[in-house]
Amino acid sequence: MRRSSLPPASSGRGLALALVLSTTALLATGTPAGAEKTRPTRTAPARTPPALVLDPAETRRPQAPETTLPAPVRQALAEVGIPAESLAVRAFPLDDPASGLVWQAERPMVPGSVIKLLTAAVALDRLGTELRPRTELLADAPLLQGVLDGPLYLRGAGDGDFDTAALWSLLRQLRLSGVQTLAQGVVLDRSLFSPARPDLVTPPFDETPNFAYNVVPDALLLDGGVQQLELRSAGTGALQARLPDWPQVEVDTRAVALAEAPCRHWDVLPLTFRFLPPPAGAPALPPRLILEGRFPVSCEQKPWLQALDRQWVLAFTLRQLWQSLGGELRGEIRDGVTPAAARVLQAHGGRPLAESLRGALKRSDNLQLRLLYQRLGAAASDGANAASTQDRAALATQAWLAQNGLDSAGLVLDNGAGLSRTERISADALARLIRHMVRSPRAPEWLSGLPVAGVDGTLRRRFVGAPAQGRARLKTGTLRDVVSLAGVVQDGRGRTWVLAVMLNDEAAGWAGRPVLDQLVNWLASRR
């Protein structure tokens, strides 16, 4: 790990900067592949990088912001035919927020996944870094000679890591405690969020609702709501498909036609899924998954998809696990709400918020951030009469911004993860949020989730060999017509810059990324 010494901080501002640079270094935690190693040796003491030297005179010198886009950015826009009016930029040195670069910075834009930075900031502050979601087994009936004479309640907590192994552990502990027979079935409690099943009332975001990034979570989602589907086609014949972890499910591909298309384009061809559970009167019949549409010829793929109904998956898994542990389950598995008087029999704690958030931001995990946004709403006292948990999360976010003196003009919130075409935020508001968090006590946890340019996360293959490699921590955002970046960049003098840039254009998804990269590299090279 590359470390640097810090000069003593002589003021609150210097101390804040020292904290940021010491906890993030704005650099990778290792040397990028192919990059020259700069680790100090015994014979060659390390030189203190310029980033750690703050000139007090410079911090006091007021400078007006530049209002013209840098030449490399203008050229990149011209090369792809995107008008400059599609771009919004706010960049400034961390210690001089009145200067820097301003371009349409007050204009509300569709942010994409950079809005995750706001969700993460509010959640870390309001919920706390050590908060662990607790999925619980409860009962309000007595246990007599191994028989629970009442329903068993499985209450969800919005744990994005809750999987089959965690469910097995819960049930195993219940069996070891002496419970053998569940005489009145199991009640699945998703009531932490309102509505309890957001997936049933949320319109599809795009044409591929079955893909993992499109999962709309509830408070008791098992295995992220997805299953692995193996798809294989040859030059002739039908598509072969199976669910390796669900051999009891018959996969019917008779309605899928093979298409002369590159295998890498399989996900843009129309392919739909229809799940048919066994009829109520014929439980011995196998469940069926029916595929319809087109798939490339001579192609093999193993995607994780929302192929099966989540209620059926949870109920089937629970029943099988309980029986494998030697338990007996009578009655049905159904939805419901846990009585207030129920006692906790067993509980499973998820990872602390700061720990789970780091990976979720690095890989831009929509599911985890949507769950976090809902958990924020569930815990909020703001807007107690709001129609939904998501609305309460929006009110709590607005209140947090106001409490911290941050501008929310033009802000429109949706699901907190950026998978939205209605969310809006200005580059200036986003940049000021970044500055606030970099100087806050939550800076280490918040900044640790930002991908390092050319090193990890969603920037692992981006900026490799460029001036910004290892010198920027930036959250990415990508939709069909949106690309964005937001975070911090170290310039050629070692000075830390805050950056928020968003490009909204119908060509953004396929042509806009080089424009943003030019801006980041321009900042990283600035002296």
Segment 275-311, subset in a loop (DSSP other than H, G, I, E, B) and touching a Gly at 6+ places or on another chain (Cβ under 8 Å), residue nearest to residue 258 (Cα to Cα) = 297
Residue 272 vs. criteria part of a loop (DSSP other than H, G, I, E, B), in contact with a strand residue (DSSP E or B) (Cβ under 9 Å, 6 or more places away or on another chain), at pLDDT below 95 and among the polar types (S, T, N, Q) | no
Scanning for something exposed (fewer than 14 other Cβ atoms within 10 Å of the Cβ) and outside any loop (DSSP other than H, G, I, E, B), does segment 225-240 turn up at least one residue?
-> yes
Number of the exception - residue 274 against (1) surrounded by fewer than 11 Cβ atoms within 10 Å (Cβ to Cβ); (2) under 20 Å from residue 214 (Cβ atoms) | (1)
Could you tell me whether segment 430-449 includes any residue that is surrounded by fewer than 24 Cβ atoms within 10 Å (Cβ to Cβ), outside any loop (DSSP other than H, G, I, E, B) and touching a Pro at 6+ places or on another chain (Cβ under 9 Å)?
-> yes
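Conditions tested, residue by residue: (1) without any contact (Cβ under 8 Å) to a residue 60 or more places away in the chain; (2) out of contact with any strand residue (DSSP E or B) (no Cβ under 6 Å at 6 or more places or on another chain).
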{"position": "124", "(1), (2)": "no, yes"}
{"position": "133", "(1), (2)": "no, yes"}
{"position": "136", "(1), (2)": "no, no"}
{"position": "143", "(1), (2)": "yes, yes"}
{"position": "147", "(1), (2)": "yes, no"}
{"position": "180", "(1), (2)": "no, yes"}
{"position": "189", "(1), (2)": "no, no"}
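Counting only residues that are of a type in the set (S, T, N, Q) and not in a strand (DSSP E or B), how many does segment 241-265 have? Break it down stepwise before answering.
First, pick out the residues of segment 241-265 that are of a type in the set (S, T, N, Q): 248, 253.
Going one step further and asking which of them are not in a strand (DSSP E or B), we end up with 248.
Number satisfying all stated conditions: 1.
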Total residues in segment 293-339, condition under 30 Å from the mean Cα position of the chain (by Cα) and either of a type in the set (Asp, Glu) or outside the structural domain of residue 218 (by TED's automatic domain parsing) (or both) | 3
Can you tell me which residue among 494, 454, 465, 487 is at positive phi, crowded, with 24+ Cβ neighbours inside 10 Å and not in a helix (DSSP H, G or I)?
-> 487
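Looking at the structure I just gave you, is residue 166 surrounded by fewer than 23 Cβ atoms within 10 Å (Cβ to Cβ) and either assigned to a helix (DSSP H, G or I) or in contact with a Cys (Cβ under 9 Å, 6 or more places away or on another chain) (or both)?
Values: surrounded by fewer than 23 Cβ atoms within 10 Å (Cβ to Cβ): yes; either assigned to a helix (DSSP H, G or I) or in contact with a Cys (Cβ under 9 Å, 6 or more places away or on another chain) (or both): yes.
Answer is yes for this residue.
From the list 120, 105, 51, 91, pick out the single residue that is modelled with pLDDT of 95 or more, under 21 Å from residue 469 (Cβ atoms) and buried (at least 19 other Cβ atoms within 10 Å of the Cβ).
Details: 120 fails: under 21 Å from residue 469 (Cβ atoms); 105 fails: under 21 Å from residue 469 (Cβ atoms); 51 fails: modelled with pLDDT of 95 or more.
Result of the check over 120, 105, 51, 91: 91.
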One residue from 429, 417 being in the same structural domain as residue 115 (by TED's automatic domain parsing), within 23 Å of residue 127 (Cα to Cα) and out of contact with any Phe, Trp or Tyr (no Cβ under 8 Å at 6 or more places or on another chain) = 429
Take segment 358-417 and flag every residue that is of a type in the set (Ser, Thr, Tyr), more than 22 Å from residue 474 (Cα to Cα) and assigned to a loop (DSSP other than H, G, I, E, B).
-> 381, 388
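The values are calculated or read from the model by the stated rules, or taken from the named source; none is laboratory data. This one's a predicted model, so the numbers in the text were calculated from it and none came from an experiment. Ideal geometry is used to build each Cβ from the backbone, glycine not excepted, and the neighbour counts take in all protein chains shown.
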